[in-house]
1. Helix 220-234 versus the longest principal axis of the chain: what angle, 0 to 90°, nearest 10, using Cα atoms?
2. Indicate the gyration tensor shape class of the range 46-168 (rounded, prolate or oblate), computed on the Cα atoms with a ≥ b ≥ c the square roots of the eigenvalues: a/c under 1.5 is rounded; otherwise a/b larger than b/c is prolate and the rest oblate.
3. By DSSP, what percent of the beta bridges with both residues in the range 100-238 are antiparallel, rounded to the nearest 5?
4. How much accessible area does SER217 have with a 1.4 Å probe, in Å² rounded to the nearest 10?
5. Scan the range 1-72 for GluC sites (Glu not before Pro) in coil per DSSP, keeping those whose Cβ has at most 15 other Cβ atoms within 10 Å, and list them by number.
6. Give the shape of the chain as rounded, prolate or oblate, defined through the alpha-carbon gyration tensor: a ≥ b ≥ c are the square roots of its eigenvalues, a/c under 1.5 means rounded, and otherwise the shape is prolate if a/b is larger than b/c and oblate if not.
7. Among ALA24, VAL222, ALA81, pick out the residue whose Cα is farthest towards the positive end of the charge dipole of the chain, where Lys and Arg carry +1 and Asp and Glu carry -1 on C-beta, about the Cα centre.
8. So, for the chain, what is the accessible surface per residue at a probe of 1.4 Å, expressed in square angstrom?
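The values are calculated or read from the model by the stated rules, or taken from the named source; none is laboratory data. Just so we're clear, the structure is a prediction, and the values are computed from it rather than from any experiment. Quick reminder, even Gly has a Cβ in these numbers, built from the backbone with ideal geometry, and neighbours come from all protein chains shown. To get the accessible areas, we keep the full protein, side chains included, count just its heavy atoms, and leave off ligands, DNA and RNA. Shrake-Rupley method; radii C 1.70, N 1.55, O 1.52, S 1.80 Å.
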Amino acid sequence: MWIYGRNPVLEALKEGRARRVLVARGVEGWLLRELERLGAPYIPVPRIELDTLLKTTHHQGIAALVEAPRYASLEEAFRLAQSRKEPPLLVALDGITDPRNYGAMIRSALALGAHGVLSEERRAAPLSPLALKASAGAALKLPLVKVKNLPRALKELQERGVWVYGLDPKGEKTPKELDLGRPLALVVGSEGEGMRRLVRESCDELFRIPIRPEAESLNASVALGIALYQVALARGVG
């Protein structure tokens, strides 16, 4: 697949995953110097050629042909937590279909210490070039797990000692009232509809991010970032 955007392409090059790199003529010199530093051969092309190939003008002047990113197993997420000697911290997405939101959530999950991101095979954004760009390369560094049935997957996590906390604007508790140091999975639903009933009922606790009354709600990606930061603070990170 073709990926685009500076961070995703540079990350793919660092990991040796890029087979071919196209660069629009006229890009900034620092980007060309970075490609040369990485020893990455590239082909200069007219910008309109990238526009046509990628069907977008938001490619930042660079694209790379890579093998389609693979999804990970749940075990890989647990192994990552074990290698860091940390309690597992997973993110479970219910009905997040916007690839930009998906990518942004992956980026927050990586930055704030999560060990994996789960989503269903259906009712979920694919790991597309747009999601990869929105993740700024984070999607290439974090286990991304696809499950057939999210409530069943949450039950499996609970059987393995993971507590499931669902983000819900009507949740009775706030992050300060929860034990965030234990093994955790944070569940985030779609904007507008929130979590599906079966997913909500699968949670051990429902919690909300306190906001001012004149603001009706938070973007799902923003709410997840705040929740993950609260976990990081509770665990003494940062």
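1. 70
2. It is prolate, given that a/c is not under 1.5 and a/b is the larger ratio.
3. Values: 1 of 13 bridges.
Taking every DSSP beta bridge within the range 100-238, about 10 percent pair in antiparallel fashion.
4. 80
5. GLU15, GLU28, GLU67
6. Prolate.
7. Checked the options; the winner is ALA24.
8. For the chain, the per-residue accessible area is 51 Å².
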